[in-house]
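Have a look at the structure below, then the notes.
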Amino acid sequence: LLLCESNLLIYEIAECLNFSSETHFSRTFKKFKFKTPANYRNSQIQSLSKHRNRSEINLANANRMIQTIIDASPDLIFFKNTDGVILWCNNAYEKIHGLSKEQILGRSDFEIIPKHRAEFFQEKDRNIFIQNKAIKNEEWMTLPSGERRKYEVFKAPVHDSAGAIIGLLGISRDIMKME
């Protein structure tokens, strides 16, 4: 562990383990691991680096797959932080607002929809944060074309690993298509 998880020099590790010298430690280590401590450390670092690179590639692939699945949904799906800033959305969310992700992400409702609607959404969001529970309701929305549609809206708080609220997930479904 000291070789792989510390920045101690090999002679310092030898001292910590009460070897009489770095040479004595190296000879003893090589008998059991068939490598010098320095070679062993380097091989472990390279192995960890390869594993990390593979993990990062796998994570990126999983994220792309999840984004593709969610973008295929006709439901509006989005994530806002506790300040009401939209940090993530799917293609249906873009389409309903007639804006690209670049025009949406990093902005609040006040920057992409009329003020009275933004105030309505902000109040609903604030209640989710205060109550710390999901809500489900129906809302009318006016599309950029001027058409009015009824949506079933589900919003839930999102928590970090410590349990603190970091934002909310919203999913809105056009329920007029079902009627």
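The table below lists the values:
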| item | result |
| --- | --- |
| Search result, residues across the range 98-112 that are more than 21 Å from Ala156 (Cα to Cα) and either in contact (Cβ under 8 Å) with a residue 12 or more places away in the chain or not in a helix (DSSP H, G or I) (or both) | Gly98, Leu99, Ser100, Lys101, Ile112 |
| Residue in the range 8-25 that is within 38 Å of the chain's Cα centre (by Cα) and open to solvent by 80 Å² or more (accessible area, probe 1.4 Å) present | yes |
| Scan of the range 146-179 for residues that are hydrophobic (A, V, I, L, M, F, W, C) and more than 21 Å from Gln131 (Cβ to Cβ), ordered by number | Ile175, Met176, Met178 |
| So Glu94, is it surrounded by 15 or more Cβ atoms within 10 Å (Cβ to Cβ), assigned to a helix (DSSP H, G or I) and within 23 Å of the chain's Cα centre (by Cα) | yes |
| Qualifying residue in the range 44-55 (condition: modelled with pLDDT under 95, open to solvent by less than 100 Å² (accessible area, probe 1.4 Å) and within 15 Å of Leu2 (Cβ to Cβ)) | yes |
| Output for the range 124-153, where each listed residue is open to solvent by 80 Å² or more (accessible area, probe 1.4 Å), within 14 Å of Gly170 (Cβ to Cβ) and in a helix (DSSP H, G or I) | Arg126 |
| Within the range 61-91, tally of residues that are open to solvent by 40 Å² or more (accessible area, probe 1.4 Å) and of a type in the set (S, T, N, Q) | 6 |
| Out of Gln67, Gln44, sole residue that is at negative phi and without any contact (Cβ under 8 Å) to a residue 40 or more places away in the chain | Gln67 |
| Checklist (1) touching an Asp or Glu at 6+ places or on another chain (Cβ under 6 Å); (2) assigned to a strand (DSSP E or B) applied to Phe121, failing item | (2) |
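The values are calculated or read from the model by the stated rules, or taken from the named source; none is laboratory data. Bear in mind that the values here come from a model prediction, so they are computed numbers and not experimental data. Cβ coordinates were reconstructed from backbone atoms using ideal geometry, including for glycine residues, and neighbour counts include every protein chain displayed. Surface accessibility is based on the protein's heavy atoms, side chains included, excluding ligands, DNA and RNA. Shrake-Rupley method; radii C 1.70, N 1.55, O 1.52, S 1.80 Å.
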